[in-house]
Amino acid sequence: MHNALIESHDSQEAAREQQSSRPTSVARTYFRILWSNRKSRAGLIMFGAFIFLCIFGRALAPYSPTYSGFATMAGPSWQHWLGTNQDGQDVLSQLLAGTRVSVLVSLSTGFIATFIAVLIGLLAGYSSGFTDDALSFLTNVFLVLPALPLLIVLASYAPGKGSVLIVLIVGLTGWPWGARVLRAQVQSLRTRDYVVAAKLAGDSTLRILFREIFPNMLSLVMAGFLGAAQYGLITSVGLEFLGLGNPNQISWGSMLYWAQNASALLQGQWAWILAPGLFIALFGMSMVLINFGFDQISNPRLGGTEE
Amino acid sequence: MNHGRRALFGVTSGESERDGSCMKYFLKRVLLLIATLWVAITLNFLIPRMMPGNPGQAVIAKFAGEGHPLTPSALKAIDAMLGLSHASLPVQYWQYLGEVVHLNFGVSYSYFPYTVTELIAKALPWTLGLVGVSTVISFFVGTGLGVLVAWRRNQATDGILTSIAAFTGAFPYFWFALAAVYVLGFLLNWFPLSGGYEVGAIPHLSWGFILDVIHHAILPAVTVVVSSIGGWLIGMRNNMINTLGEDYVLLARAKGLSNRWIATMYAARNAILPNITGFGMALGFVVAGSLLTEVVFGYPGMGNLLYNAVINEDYPLMQGIFLVIVFCVIMANFLVDLLYVFIDPRVRERRGSGA
Amino acid sequence: MSLLSVEGLKVTYGLRNPVYAVRGVSFEIFEEEFVGLVGESGCGKSTLGFAIARLERPPARIAGGRVVLDGRDWTAMSERELRPHRWKDVSVVLQSGMNALNPVMTIEAQFRDVMVQHTDWSEPAIRQRALEVLDMVHIDRDILFRYPHELSGGMKQRVVIAMAFLLHPKLIILDEPTTALDMVVQREIMDNLMELRGREKFSLLFISHDLGLVLEISDRVLIMYAGQIVEENRAENLLEYGLHPYTQALMRSLPVPGSDAREFHGLRGSPPNLRQMPKGCAFAPRCDLVTAECHEVEPDLEDINGAKVRCHVVGKEVRVRGSEPSIG
Amino acid sequence: MGRSLLSVENLTKRYPSRSSSEGEVVAVDRVSFELHRGEVVALIGESGSGKSTIAKILTGVEQLTSGRVLWEDGAVASKAPRLLRQRIQMVFQDPFSSLNPVNTVGYTLMRPVMNYQRCNGAEAERRVKELLDQVQLSPASLYFNKRPFELSGGQRQRVVIARALAAKPQVIVADEPVSMLDVSVRAEILRLLRSVMGQQGVQAMLYITHDLATAEILADRVLVLYKGRIVEHGTAKSILRRPMHPYTRLLLESIPNPRARRGNRVPVSLRGENREGELRLTGCLFAPRCPLAHDRCWREVPPLEARSDEGYVACFNASQSLVQTGAVTARDSGA
């Protein structure tokens, strides 16, 4: 009789465990953690909104962003919520339409920088001796080189100015921080027993890198991506503001460039400068906020105490 | 002390190991310093030569167009910096290094007849002052606030300050500068709109002039501080939360030490170490940001000079400024790395270890 | 009178769906008594130890019960009120001495700050006491001016033990003090503790998963399972017979050199998930003596011949048979 | 006892020391031993004794500095570690770091099967489920899709054992397989390891531990290592009952033994502790801690010599040491 009781208990437990034994994907786990953190949830919502604007911004714009038939330098009104610029174009429409270029520039610089960072981080961290020394040295050199003056010099020599150039040079200089963090992580992961075990199990180095090591640093990679994207956003906007981008392409940076050239503030058209700046800050902030969640995944101690 | 006994406790070898690691650390930093400088100098050499067109010729043509006579030495400097002659690259490189060593960057086109070196010498102190002061303020205040919010973790202070930091940190520096100029300068008229000192004043050492300089520097400095403080705060907060979870902090609590002592000597002293390692990148950021801030304020520093060089396509000036900014950032990094030795005993040589 | 009296102490993790890590624990420690607290990982023994010293870290918090130490109710006092009594009334030695020392302060500075905080001793007196405690744990005096990273694991742990004695505490809580150390070093530290017992006046709460070690050093042993004390008994009695089936299983899983391998047994199954506690006795699913009652009714901690045990079966059997329990 | 399956000859491992003045650290110093078919050999020592380095060299994770490791068929293990990796598999100490948290039990166990048995997915899955049953993780289909964090320490260690078996090795190296586990599950894991012998082609096992007590349960022969050198070698029974080397005695006395309560036990002499990076001594490495050390011990290295039918010991005072085993005899009578 006792045994029957135990068995029934055991089988219940087995059934319960069976239900929960479906392997949950890493992506879903990540999303659950990000969503449970109040800060990163807010970040995700904001980030989603900007992706939406990136796709549908042009369609949502009340007017054509290039139509220049309105009164010039008009302050905010019901017709033009954010007023108009010195060419008589609607600022709100420009802002919404410019989201696409700015968001794409930010994300693609983040992507390029992260790609290089992962490549160099994995290679330097997993190899030892000369390869590691050389790559770490390269990383440290680029880490210390201040990128903006370099970019300014490069961009001012370059014959064609445009966002592709900016993406390339910001992306190609934005990787060292990520590479350094990832290298340290790979170095700590490669000595884990499960990596040794995978070697003993006959797995190839490539398989070990991508099935054993890489998944365990995904949160760092994502955090690095968002950090690099935010860096790309700020840097590209700075270059555009200096007139080193393509001023005829509508983006948040070029709007600020024209607004400053037209002394928008001193003429009272503050919305023309406030709005793009706010969008830049909100998009950047969304990535910083999401990173609070990724920080928590990489380092559980940072997790909140509310359960 | 008895040598054998020390050996028994593994002291002797430990000491030599420590000396070795400290020396190694120092050598590594010096090597990195030299290599970074070399990379920067070489980049500066290669960029104009790898660009399509011929920047050197363009500059000469511009000088000719303006009717400025170029001395042979100025011509030589332009040649060395931008690559004019058809000499082979190694020869050009050698000439270039010679000019760089003698701080001879040629003549500015936009500020003729000033040499690049003269212009930089005039602008550099302004930028060093602005960036130096605002970086020190934002590092200390930001780190201090980071300690505070980590200590009051999950309380209102933490939530509010951290969110504000995430928000302000996301703004481009120059946008804050624009807003500050508009509100505090233009609307309220509390601060001058631009410049480093009163227009028409001649820089000299007097209380009146110094006060004038400070009055002009407040807004640019505040915008740099406001935009860079968030990064320090968030970085320090994360490190602090980590160290607060360490056993030695728990033990400090068990020892009944005061909160202030635990927060500073136990948690913050350890939490600040990674923040200092991250100084390099942060510094590059602050310098970049302050360059743009200078443009908005028309501040007479390197940023403004660089901006003018860019819009006037004054390549010799641009190259010189680039090199000097990079040099300053690299040197600052080097000094911070050396400072690290004094803060972390694990890299430090033990005092009085002679025996 | 007892030095420490823990009454119905409960510790939970989390606020919304609290998990009870310590589920109503009561015991006493008398002056100059060594008490061992034994259990498997996750049974709540360290949580209990921290809570007694009021060192629970959020999200852990005390959800009920009292801790009365030397006549003062520590659970009713604020951090500010506790501070003057910390380290004087109770000091702790943490699981891994490796991380218990501040890496950027010398050993001397870490000894000094606690004495400066709690005493008005002069500089020479402070130095004198620091050297005294180092002598007590047999460490070279020049270690005082070193940083933790310059010491080996065993030395660090001894430094931490020395630090615990600085203010002549009434109670010392040792939380797995030797788990990370080599056998021989562990032995040296244990011998050192026994030696100190003869010279200093203090009580000890020794928390460990190693029943053998605990039996060696303690007068009385508390066996903990799933957040509760399941048995409290004198060490010499436990050597003869453990009352609770869990204690007996633990005793059987102690490999004793020179004994036969057949006497070495384990326990099947694993401890219950604290989020989903089974109804009835927490140990029932792993117990060999389990009855229907065990799955339904949670047993109380009952007095049996001076010992205490939380078991339906053992309790009844002893009552029926009289004073000579022999189970297992 | 059969022929030697694997013989280790004069195995030496030196690391360059981190400090330039010190030269090298000798982690393993001319260690020789043989593994015979059907036996479990225990390698005993404290941290820094070189026992884990030997495990790493045998499994090809690290390269030896000199000496060689020979298989029965003449293959030299150190020459072709990749080829011979399958023959020798490892059970790790820490069940929490030896299983990748992101991979399922199924994935982890499929890898060696697919790499070494060259079979298709379905066949591999079937075999993996057999293995799970063999290590008593049943029902196998339940554990197949679990991730490590859903398992207890004991269950994880069973998975680790299954992974070692999956490659069908001839030799298993178990590096402190139970020291991180709760006492209550240690017995079951040791029993499982014992039962694995002779199955799936496993012919011998090297059990690495600091715990003499469990060595007696699992092992036939015991090698005692001190600072990279073998100081004593004999059958498990003889070493535990009649330890000859003073260091072996010290280890034995260090085992917590509740029956030898205070007063009954001779305290271990406090003579410093095992540390890496000590000055190299010309004589016996144990001399600084040895209560019996005399001049000769400081000058000469004692050779590993046969002292009885059952054992070898590297000590000039071994016979004297035998006489002085008061504590051990007391323990014998107590047990």
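The values are calculated or read from the model by the stated rules, or taken from the named source; none is laboratory data. Fair warning: this is a prediction, and the values are worked out from it, not measured in the lab. We place every Cβ from the backbone using ideal geometry, glycine too, and count neighbours over all the protein chains shown.
In segment C:140-174, what residues are assigned to a loop (DSSP other than H, G, I, E, B), more than 11 Å from chain B (Cβ to nearest Cβ) and more than 17 Å from the chain's Cα centre (by Cα)?
C:168
So, in segment D:22-70, exactly how many residues are in contact with a Gly (Cβ under 6 Å, 6 or more places away or on another chain) and under 24 Å from residue D:94 (Cβ atoms)?
Matching residues across segment D:22-70 total 4.
So which of B:90, B:48 ends up being within 14 Å of chain A (Cβ to nearest Cβ) and farther than 17 Å from residue B:120 by Cβ?
Within the list B:90, B:48, the selection yields B:48.
Let me spell it out: the conditions are (1) closer than 23 Å to residue C:24 by Cβ; (2) surrounded by fewer than 24 Cβ atoms within 10 Å (Cβ to Cβ); (3) aliphatic (A, V, I, L, M), and residue C:173 meets all of them except one. Which number is the exception?
(2)
Taking residue B:273, is it away from chain C (no Cβ under 14 Å), aliphatic (A, V, I, L, M) and part of a helix (DSSP H, G or I)?
No; evaluated as a whole, the condition is false for this residue.
Under 23 Å from the mean Cα position of the chain (by Cα), buried (at least 20 other Cβ atoms within 10 Å of the Cβ) and within 11 Å of another protein chain (Cβ to nearest Cβ): which single residue out of D:110, D:90, D:114 fits that description?
Unique residue meeting the criteria: D:90.
Could you tell me whether segment A:159-172 includes any residue that is surrounded by fewer than 22 Cβ atoms within 10 Å (Cβ to Cβ), farther than 29 Å from residue B:278 by Cα and within 8 Å of another protein chain (Cβ to nearest Cβ)?
yes
Please go through (1) within 28 Å of residue C:88 (Cα to Cα); (2) small (Gly, Ala, Ser); (3) not in a helix (DSSP H, G or I) for residue B:200 and return the number of the only condition it doesn't satisfy.
(1)
Return the residues of segment C:177-223 that are more than 11 Å from residue C:38 (Cβ to Cβ) and charged (D, E, K, R); say none if nothing qualifies.
C:182, C:187, C:188, C:191, C:195, C:197, C:199, C:200, C:201, C:216, C:219, C:220
Among the numbered conditions (1) surrounded by 23 or more Cβ atoms within 10 Å (Cβ to Cβ); (2) farther than 23 Å from residue A:178 by Cβ; (3) within 14 Å of chain B (Cβ to nearest Cβ); (4) of a type in the set (A, V, I, L, M), tell me where residue A:198 comes up short.
Only one criterion is unmet by residue A:198, namely (3).
Is it fair to say residue B:185 is of a type outside the set (S, T, N, Q), without any contact (Cβ under 8 Å) to a residue 40 or more places away in the chain and either farther than 30 Å from residue A:269 by Cα or outside the structural domain of residue B:227 (by TED's automatic domain parsing) (or both)?
Against the criterion (of a type outside the set (S, T, N, Q), without any contact (Cβ under 8 Å) to a residue 40 or more places away in the chain and either farther than 30 Å from residue A:269 by Cα or outside the structural domain of residue B:227 (by TED's automatic domain parsing) (or both)), residue B:185 does not qualify.
If you go through segment D:229-246, how many residues are touching a Lys or Arg at 6+ places or on another chain (Cβ under 8 Å) and either over 18 Å from residue D:26 (Cα atoms) or at pLDDT below 90 (or both)?
Residues that pass the stated criteria total 6.
Would you mind finding the one in A:298, A:263, A:286 that is within 11 Å of chain B (Cβ to nearest Cβ) and on the phi > 0 side of the Ramachandran plot?
Result of the check over A:298, A:263, A:286: A:263.
Can we say residue A:109 is among the polar types (S, T, N, Q), crowded, with 18+ Cβ neighbours inside 10 Å and within 14 Å of chain B (Cβ to nearest Cβ)?
In short, no.
Does residue C:203 qualify as being surrounded by 20 or more Cβ atoms within 10 Å (Cβ to Cβ), facing another protein chain (nearest Cβ under 10 Å) and polar (S, T, N, Q)?
no
Only one residue in B:219, B:251, B:244, B:193 is in the same structural domain as residue B:277 (by TED's automatic domain parsing), closer than 30 Å to residue A:106 by Cβ and touching a helix residue (DSSP H, G or I) at 6+ places or on another chain (Cβ under 6 Å), so which one is that?
Only one candidate passes the filter, namely B:219.
If the requirement is being under 19 Å from residue C:269 (Cα atoms), outside any strand (DSSP E or B) and modelled with pLDDT under 90, which of these qualifies: D:186, D:194?
None of the others qualify; the one that does is D:186.
Could you list, in sequence order, all residues of segment A:73-124 that are within 18 Å of residue A:269 (Cβ to Cβ) and among the small types (Gly, Ala, Ser)?
A:74, A:75, A:77, A:83, A:88, A:93, A:98
Do we find that residue D:97 is touching a helix residue (DSSP H, G or I) at 6+ places or on another chain (Cβ under 6 Å) and among the hydroxyl-bearing types (Ser, Thr, Tyr) in this structure?
yes
Collect the residues in segment B:239-264 that are assigned to a helix (DSSP H, G or I), at the interface with another protein chain (Cβ under 7 Å from one of its Cβ atoms) and not charged (D, E, K, R), keeping them in residue-number order.
B:241, B:242, B:248, B:250, B:251, B:254, B:261
Quick one: which helices (runs of 4 or more DSSP H) lie wholly within segment A:166-245 and hold at least 1 residues that are within 24 Å of residue D:166 (Cα to Cα)?
Of the helices (runs of 4 or more DSSP H) lying wholly inside segment A:166-245, those with at least 1 residues that are within 24 Å of residue D:166 (Cα to Cα) span A:176-190, A:193-200.
Among C:177, C:271, which is part of a loop (DSSP other than H, G, I, E, B), of a type outside the set (Asp, Glu) and over 15 Å from the mean Cα position of the chain (by Cα)?
Exactly one residue qualifies, and that residue is C:271.
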